[in-house]
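Novice: Before anything else, here's the structure in question.
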Amino acid sequence: EVGFFREVRVKGFDSMLTRTLVAARTRLVRITTELSNQIRGVMKTFGLLVPAGKGGTFEKNVRSLLADQDRLASIVLPMLEAWRGIRVRAAQLGRQLVRDARQSRACRNLMSIPGIGAITATSFTTAIEEPDNFRKSRSVGAWIGLTTRRYQSGEVDYDGHISRRGDRPLRGLLYEAAAVILTRSSTHSTLRTWGLQLRERIGFKRAAVAVARKLAVIMHTMLKTGEL
(Lines give C-alpha, C1' and ligand atoms only; values in the text may rest on other atoms or scores of the structure.)
Protein backbone atom coordinates (compact mmCIF):
# COMPACT_ATOMS: atom_id res chain seq x y z
CA GLU A 1 0.00 0.00 0.00
CA VAL A 2 2.83 2.44 0.76
CA GLY A 3 4.74 1.46 -2.40
CA PHE A 4 7.99 0.34 -0.77
CA PHE A 5 8.36 -2.66 -3.03
CA ARG A 6 8.31 -3.33 -6.76
CA GLU A 7 5.90 -5.91 -8.08
CA VAL A 8 7.57 -9.06 -9.42
CA ARG A 9 6.87 -9.74 -13.08
CA VAL A 10 5.52 -13.25 -13.62
CA LYS A 11 6.63 -14.80 -16.90
CA GLY A 12 4.02 -16.04 -19.35
CA PHE A 13 3.27 -19.70 -19.93
CA ASP A 14 4.86 -19.81 -23.41
CA SER A 15 8.05 -18.15 -22.14
CA MET A 16 8.34 -20.59 -19.26
CA LEU A 17 7.74 -23.51 -21.62
CA THR A 18 10.53 -22.36 -23.94
CA ARG A 19 12.90 -21.72 -21.04
CA THR A 20 12.17 -25.24 -19.79
CA LEU A 21 13.10 -26.59 -23.22
CA VAL A 22 16.41 -24.72 -23.13
CA ALA A 23 17.14 -25.93 -19.58
CA ALA A 24 16.28 -29.55 -20.43
CA ARG A 25 18.52 -29.57 -23.49
CA THR A 26 21.38 -27.98 -21.53
CA ARG A 27 21.05 -30.54 -18.75
CA LEU A 28 21.10 -33.49 -21.16
CA VAL A 29 24.23 -32.11 -22.85
CA ARG A 30 25.93 -31.85 -19.46
CA ILE A 31 24.97 -35.44 -18.62
CA THR A 32 26.51 -36.71 -21.87
CA THR A 33 29.71 -34.81 -21.07
CA GLU A 34 29.81 -36.29 -17.57
CA LEU A 35 29.21 -39.81 -18.89
CA SER A 36 31.90 -39.51 -21.56
CA ASN A 37 34.39 -38.25 -18.96
CA GLN A 38 33.42 -41.11 -16.66
CA ILE A 39 33.99 -43.62 -19.45
CA ARG A 40 37.37 -42.13 -20.27
CA GLY A 41 38.36 -42.22 -16.59
CA VAL A 42 37.32 -45.85 -16.10
CA MET A 43 39.18 -47.02 -19.18
CA LYS A 44 42.26 -45.01 -18.29
CA THR A 45 42.42 -46.90 -14.98
CA PHE A 46 42.97 -50.07 -16.98
CA GLY A 47 45.54 -48.52 -19.31
CA LEU A 48 43.13 -47.87 -22.17
CA LEU A 49 43.41 -44.28 -23.39
CA VAL A 50 40.50 -43.14 -25.54
CA PRO A 51 41.79 -40.88 -28.36
CA ALA A 52 40.39 -37.39 -28.72
CA GLY A 53 37.07 -37.28 -30.53
CA LYS A 54 33.41 -36.51 -30.05
CA GLY A 55 30.12 -38.09 -31.03
CA GLY A 56 30.39 -41.13 -33.26
CA THR A 57 34.20 -40.96 -33.22
CA PHE A 58 34.21 -41.26 -29.43
CA GLU A 59 31.86 -44.27 -29.49
CA LYS A 60 33.90 -45.98 -32.23
CA ASN A 61 37.16 -45.50 -30.30
CA VAL A 62 35.66 -46.89 -27.08
CA ARG A 63 34.26 -49.98 -28.78
CA SER A 64 37.52 -50.70 -30.58
CA LEU A 65 39.49 -50.53 -27.31
CA LEU A 66 37.00 -52.89 -25.64
CA ALA A 67 37.16 -55.48 -28.43
CA ASP A 68 39.21 -57.97 -26.38
CA GLN A 69 38.21 -56.72 -22.90
CA ASP A 70 35.05 -58.73 -22.22
CA ARG A 71 34.87 -58.18 -18.45
CA LEU A 72 35.56 -54.46 -18.70
CA ALA A 73 33.18 -54.16 -21.64
CA SER A 74 30.34 -55.54 -19.52
CA ILE A 75 30.77 -52.49 -17.26
CA VAL A 76 31.56 -49.75 -19.76
CA LEU A 77 29.17 -50.63 -22.60
CA PRO A 78 25.99 -50.00 -20.53
CA MET A 79 27.33 -46.51 -19.77
CA LEU A 80 28.12 -46.04 -23.45
CA GLU A 81 24.58 -47.06 -24.42
CA ALA A 82 23.16 -44.59 -21.91
CA TRP A 83 25.48 -41.91 -23.28
CA ARG A 84 24.29 -42.54 -26.82
CA GLY A 85 20.61 -42.54 -25.83
CA ILE A 86 20.86 -39.26 -23.92
CA ARG A 87 22.85 -37.71 -26.76
CA VAL A 88 20.06 -38.58 -29.21
CA ARG A 89 17.44 -37.00 -26.93
CA ALA A 90 19.57 -33.86 -26.50
CA ALA A 91 19.89 -33.57 -30.28
CA GLN A 92 16.12 -33.87 -30.66
CA LEU A 93 15.53 -31.05 -28.18
CA GLY A 94 18.22 -29.00 -29.92
CA ARG A 95 16.52 -29.36 -33.29
CA GLN A 96 13.20 -28.36 -31.75
CA LEU A 97 14.85 -25.31 -30.21
CA VAL A 98 16.40 -24.23 -33.52
CA ARG A 99 13.12 -24.79 -35.36
CA ASP A 100 11.20 -22.64 -32.88
CA ALA A 101 13.85 -19.90 -33.04
CA ARG A 102 13.66 -19.73 -36.83
CA GLN A 103 9.90 -19.26 -36.62
CA SER A 104 10.32 -16.23 -34.34
CA ARG A 105 11.08 -12.93 -36.02
CA ALA A 106 12.63 -11.54 -32.84
CA CYS A 107 15.00 -14.52 -32.55
CA ARG A 108 15.94 -14.31 -36.23
CA ASN A 109 16.85 -10.64 -35.80
CA LEU A 110 19.02 -11.38 -32.76
CA MET A 111 20.70 -14.31 -34.51
CA SER A 112 22.00 -11.89 -37.14
CA ILE A 113 24.47 -10.68 -34.49
CA PRO A 114 27.83 -12.54 -34.68
CA GLY A 115 28.14 -14.96 -31.77
CA ILE A 116 24.40 -15.12 -31.06
CA GLY A 117 22.87 -18.51 -31.80
CA ALA A 118 19.44 -20.04 -31.33
CA ILE A 119 19.94 -20.82 -27.63
CA THR A 120 21.16 -17.34 -26.68
CA ALA A 121 18.51 -15.58 -28.79
CA THR A 122 15.73 -17.75 -27.36
CA SER A 123 16.93 -17.35 -23.79
CA PHE A 124 17.14 -13.57 -24.17
CA THR A 125 13.71 -13.10 -25.75
CA THR A 126 11.98 -15.32 -23.20
CA ALA A 127 13.74 -13.56 -20.32
CA ILE A 128 12.82 -10.08 -21.58
CA GLU A 129 9.41 -11.06 -22.99
CA GLU A 130 8.11 -7.54 -23.68
CA PRO A 131 10.79 -4.91 -24.46
CA ASP A 132 8.61 -2.30 -22.78
CA ASN A 133 9.25 -4.05 -19.46
CA PHE A 134 12.45 -1.96 -19.39
CA ARG A 135 12.26 1.80 -19.79
CA LYS A 136 15.91 2.02 -20.82
CA SER A 137 18.00 -0.54 -22.66
CA ARG A 138 20.88 0.19 -20.28
CA SER A 139 18.80 -1.25 -17.45
CA VAL A 140 18.98 -4.73 -19.00
CA GLY A 141 22.69 -5.07 -18.22
CA ALA A 142 22.06 -4.36 -14.53
CA TRP A 143 19.03 -6.67 -14.48
CA ILE A 144 21.13 -9.58 -15.78
CA GLY A 145 23.93 -8.78 -13.30
CA LEU A 146 26.60 -7.51 -15.71
CA THR A 147 27.15 -4.10 -14.12
CA THR A 148 29.80 -3.41 -11.49
CA ARG A 149 28.97 -2.91 -7.85
CA ARG A 150 29.71 0.46 -6.28
CA TYR A 151 31.24 0.69 -2.81
CA GLN A 152 30.78 4.03 -1.02
CA SER A 153 31.41 4.79 2.64
CA GLY A 154 32.85 8.08 3.79
CA GLU A 155 35.90 8.71 1.65
CA VAL A 156 35.76 5.18 0.19
CA ASP A 157 34.36 5.16 -3.34
CA TYR A 158 35.33 2.47 -5.84
CA ASP A 159 33.86 0.01 -8.31
CA GLY A 160 33.92 -3.71 -7.48
CA HIS A 161 33.09 -6.87 -9.42
CA ILE A 162 29.88 -7.30 -11.37
CA SER A 163 26.82 -7.96 -9.24
CA ARG A 164 26.06 -11.38 -10.78
CA ARG A 165 22.40 -10.96 -9.99
CA GLY A 166 19.47 -12.02 -12.10
CA ASP A 167 19.41 -14.73 -14.76
CA ARG A 168 22.63 -16.71 -14.35
CA PRO A 169 22.28 -18.97 -17.45
CA LEU A 170 21.54 -15.98 -19.66
CA ARG A 171 24.51 -14.10 -18.22
CA GLY A 172 26.74 -17.06 -19.06
CA LEU A 173 25.40 -17.27 -22.61
CA LEU A 174 26.02 -13.57 -23.21
CA TYR A 175 29.57 -13.95 -21.88
CA GLU A 176 30.18 -16.86 -24.27
CA ALA A 177 28.81 -14.80 -27.16
CA ALA A 178 31.12 -11.94 -26.20
CA ALA A 179 34.08 -14.33 -26.12
CA VAL A 180 33.21 -15.49 -29.65
CA ILE A 181 33.09 -11.90 -30.86
CA LEU A 182 36.52 -11.19 -29.37
CA THR A 183 38.20 -14.39 -30.55
CA ARG A 184 36.59 -16.30 -33.42
CA SER A 185 34.41 -13.75 -35.20
CA SER A 186 35.86 -12.26 -38.38
CA THR A 187 32.94 -9.89 -39.00
CA HIS A 188 33.96 -6.27 -38.58
CA SER A 189 31.77 -4.29 -36.21
CA THR A 190 32.03 -1.30 -33.92
CA LEU A 191 31.36 -3.56 -30.93
CA ARG A 192 34.22 -5.93 -31.82
CA THR A 193 36.65 -3.06 -32.43
CA TRP A 194 35.72 -1.50 -29.10
CA GLY A 195 36.04 -4.86 -27.33
CA LEU A 196 39.48 -5.58 -28.80
CA GLN A 197 40.74 -2.17 -27.73
CA LEU A 198 39.35 -2.76 -24.28
CA ARG A 199 41.03 -6.19 -24.11
CA GLU A 200 44.42 -4.57 -24.67
CA ARG A 201 43.88 -2.28 -21.69
CA ILE A 202 42.09 -4.38 -19.07
CA GLY A 203 42.48 -8.02 -20.16
CA PHE A 204 40.29 -10.57 -21.90
CA LYS A 205 37.85 -11.54 -19.13
CA ARG A 206 36.92 -8.03 -18.08
CA ALA A 207 36.63 -6.98 -21.71
CA ALA A 208 34.34 -9.94 -22.42
CA VAL A 209 32.08 -8.90 -19.53
CA ALA A 210 31.92 -5.37 -20.90
CA VAL A 211 31.09 -6.65 -24.40
CA ALA A 212 28.42 -8.96 -22.93
CA ARG A 213 26.85 -5.98 -21.17
CA LYS A 214 26.80 -3.98 -24.41
CA LEU A 215 25.37 -6.99 -26.22
CA ALA A 216 22.45 -7.06 -23.80
CA VAL A 217 21.78 -3.37 -24.46
CA ILE A 218 21.99 -3.81 -28.23
CA MET A 219 19.76 -6.88 -28.21
CA HIS A 220 17.10 -5.12 -26.16
CA THR A 221 17.19 -2.16 -28.52
CA MET A 222 16.73 -4.49 -31.48
CA LEU A 223 13.73 -6.12 -29.80
CA LYS A 224 12.24 -2.72 -29.07
CA THR A 225 12.71 -1.25 -32.55
CA GLY A 226 12.44 -4.46 -34.57
CA GLU A 227 15.37 -3.31 -36.70
CA LEU A 228 18.58 -5.17 -37.56
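Novice: Can you tell me the orientation of helix 70-102 relative to the chain, as the angle in degrees between its alpha-carbon axis and the longest Cα principal axis, to the nearest 10?
Specialist: The helix 70-102 is inclined about 30 degrees to the chain.
Novice: May I pose another question? With a Cα-only, solvent-free Debye model of the stretch 105-227, what are the log10 I(q)/I(0) values at q = 0.14, 0.17, 0.18 Å⁻¹?
Specialist: Ignoring solvent entirely, the Cα scatterers give -0.59, -0.84, -0.93.
Novice: Taking the Cα atoms only, what angle lies between the long axis of helix 190-202 and the longest principal axis of the chain, rounded to 10 degrees?
Specialist: Taking Cα atoms only, the helix is inclined about 80 degrees.
Novice: Points 7 angstrom from Cα along the Cβ direction at R9 and S186: gap in nanometres?
Specialist: 3.9
Novice: Using 1/(1 + (r/R0)^6) with R0 = 30 angstrom and r between the beta carbons of R105 and R135, what's the FRET efficiency to the nearest 0.05?
Specialist: The calculated FRET efficiency here is 0.80.
Novice: On a 1.4 Å probe surface of the protein chains, which of K136, K60 comes out largest in accessible area, and what is the full order?
Specialist: Result of the area sort, largest leading: K60, K136.
Novice: Still on this structure, please answer the following. At 7 Å along Cα-to-Cβ for each site, give me the label-to-label distance between D68 and R95 in nm.
Specialist: Calculated label separation equals 3.9 nm.
Novice: Mind checking the stretch 1-107 for GluC sites (Glu not before Pro) that DSSP puts in a loop (not H, G, I, E or B) and that have at most 13 other Cβ atoms within 10 Å?
Specialist: Working: sites: E1, E7, E34, E59, E81; in loops: E1, E7.
When the GluC sites (Glu not before Pro) of the stretch 1-107 are filtered for loop state and at most 13 Cβ neighbours within 10 Å, E1, E7 remain.
Novice: Cβ neighbours within 10 Å, averaged per peptide: list 50-57, 103-110, 128-135, 141-148 in order, most packed at the top.
Specialist: Details: 50-57: 11.9, 103-110: 17.1, 128-135: 14.0, 141-148: 20.6.
The most tightly packed comes first, giving 141-148, 103-110, 128-135, 50-57.
Novice: While we're looking at this one, here's another question. State the label only: which of (i) 20.5; (ii) 21.2; (iii) 19.5 corresponds to Kirkwood radius over Cα pairs in Å computed from the shown model?
Specialist: (i)
Novice: Can you count the Lys pairs in the chain with C-alpha separation below 20 Å, eight or more apart or on different chains?
Specialist: 8
Novice: Moving on to the next point. Given +1 on the Cβ of Lys and Arg, -1 on the Cβ of Asp and Glu, and no further charges, what dipole in debye does the stretch 180-228 carry about its Cα centre, rounded to the nearest 20?
Specialist: 220
Novice: Given only helices, namely DSSP H runs of n ≥ 4 each adding -39500 (n - 2.57), what is the per-residue ellipticity at 222 nm of the chain, to the nearest 500 deg cm²/dmol?
Specialist: The helix contribution divided over the chain gives -22000 deg cm²/dmol.
Novice: Can you give the FRET efficiency for S112 and V88, using 1/(1 + (r/R0)^6), R0 = 30 Å, r = Cβ-Cβ distance, to the nearest 0.05?
Specialist: 0.50
The values are calculated or read from the model by the stated rules, or taken from the named source; none is laboratory data. Computed from a predicted structure; not experimentally measured. Note that each Cβ is placed from the backbone with ideal geometry, even for glycine, and that neighbours are counted across all protein chains shown. These accessible areas exclude ligands, DNA and RNA; they are computed on the full protein's heavy atoms, side chains included. Shrake-Rupley method; radii C 1.70, N 1.55, O 1.52, S 1.80 Å.
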